[in-house]
Amino acid sequence: MRLLLLVAALAIGLLPAAALADPAEVERSFAAYKQALIAGDGAKASALTASDTHDFLDQTLNRALTMEEAKLRALPLLDQISVLMLRHNMKPEQLREMRDGDPVAYAVEQRAFDMNEVQKLEAAEFTVTGSQAQAPLSNLKGSPVPVNVHFKEEAGTWRFDLLSSIAPFRSVFDAQAGMLNALQTQDGKSGVVPLIIHLISGRAPDPNIWNPPE
């Protein structure tokens with residue numbers, strides 16, 4: 001019994017340390033990540049990106065290069081959009097070069113984002129819970145839902161957590177999937193993803209976008 005009480009006391013004693021993690025450390029990582037994007041410093045941005053974000057990008061690139069239409073259409077809407085946006089915006093040789101290297105570093109060094117919008121992004125004070133942190137993000141152009149930017153602590157460094165940051169968008173698409181899929185093309189297939197890509201990019205996607213590049 002005394003041993004159990006000792007273990008419980010130790011566990012409780014550790015809780016305040018997690019709760020009192022310094023938000024300023026996360027804010028410094030956010031500022032460093034944003035500066036890396038602005039400067040085109042791919043290596044720095046990659047080092048400040050969470051490991052599961054790297055895994056997600058690797059998977060999305062591999063899907064963009066190899067996944068056939070039937071399997072792609074079976075994915076959640078946000079994953080379909082992620083894959084098709086890569087096919088829409090990049091040449092096959094660029095996709096292969098990006099996949100075979102460091103996708104985060106490649107995207108940053110190629111300036112695959114709107115620099116003016118990145119410079120405008122600001123985060124409010126971060127809320128830290130254990131190894132997770134988040135803050136409301138302002139000046140995010142065209143976002144239909146409020147977005148929090150998320151960071152997670154890995155190996156003593158606060159790193160950008162893309163998967164948690166895009167979770168609200170995934171929830172919206174998942175909740176509306178039935179209604180959105182009712183929008184069909186003449187061949188009876190869902191046309192919502194090409195429409196979303198058109199709205200995002202200002203360009204209509206090629207009808208062959210559902211097929212992997214040759």
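The values are calculated or read from the model by the stated rules, or taken from the named source; none is laboratory data. Please read all numbers here as calculations on a predicted model, not as lab measurements. Neighbour counts are summed over all protein chains in view; Cβ atoms, including those assigned to glycine, are modelled from backbone coordinates with ideal geometry.
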Handout entry: Those residues of the range 75-110 which are of a type in the set (Gly, Ala, Ser) and within 25 Å of residue 175 (Cα to Cα), in sequence order
Key = 82
Handout entry: Residue within the range 173-194 that is hydrophobic (A, V, I, L, M, F, W, C), out of contact with any Phe, Trp or Tyr (no Cβ under 6 Å at 6 or more places or on another chain) and at pLDDT 85 or above present
Key = yes
Practice task
Could you please let me know if residue 105 is of a type in the set (Gly, Ala, Ser) and at pLDDT 90 or above?
Solution key: yes
Problem - Checklist (1) without any contact (Cβ under 8 Å) to a residue 40 or more places away in the chain; (2) surrounded by 15 or more Cβ atoms within 10 Å (Cβ to Cβ); (3) under 27 Å from residue 39 (Cα atoms) applied to residue 53, failing item - result: (1)
Exercise for the section: Evaluate the following for residue 209: is it within 15 Å of residue 89 (Cα to Cα), at pLDDT below 85 and under 23 Å from the mean Cα position of the chain (by Cα)? Expected result: no
Practice task
For the range 109-117, indicate whether the set of residues that are modelled with pLDDT of 90 or more and under 19 Å from residue 56 (Cβ atoms) is non-empty.
Solution key: no
Completion exercise
Checked the range 76-94 for anything exposed (fewer than 13 other Cβ atoms within 10 Å of the Cβ) and assigned to a loop (DSSP other than H, G, I, E, B); matches are 76, 91
Handout entry: Condition check for residue 172: in contact (Cβ under 8 Å) with a residue 12 or more places away in the chain, closer than 28 Å to residue 208 by Cα and part of a helix (DSSP H, G or I)
Key = yes
Problem - Spans of helices (runs of 4 or more DSSP H) in the range 95-167 with at least 3 residues within 16 Å of residue 53 (Cβ to Cβ) - result: 103-109, 162-165
Completion exercise
Within the range 38-75, residues assigned to a helix (DSSP H, G or I), of a type in the set (S, T, N, Q) and in contact with a helix residue (DSSP H, G or I) (Cβ under 6 Å, 6 or more places away or on another chain) come out as 46, 53, 60
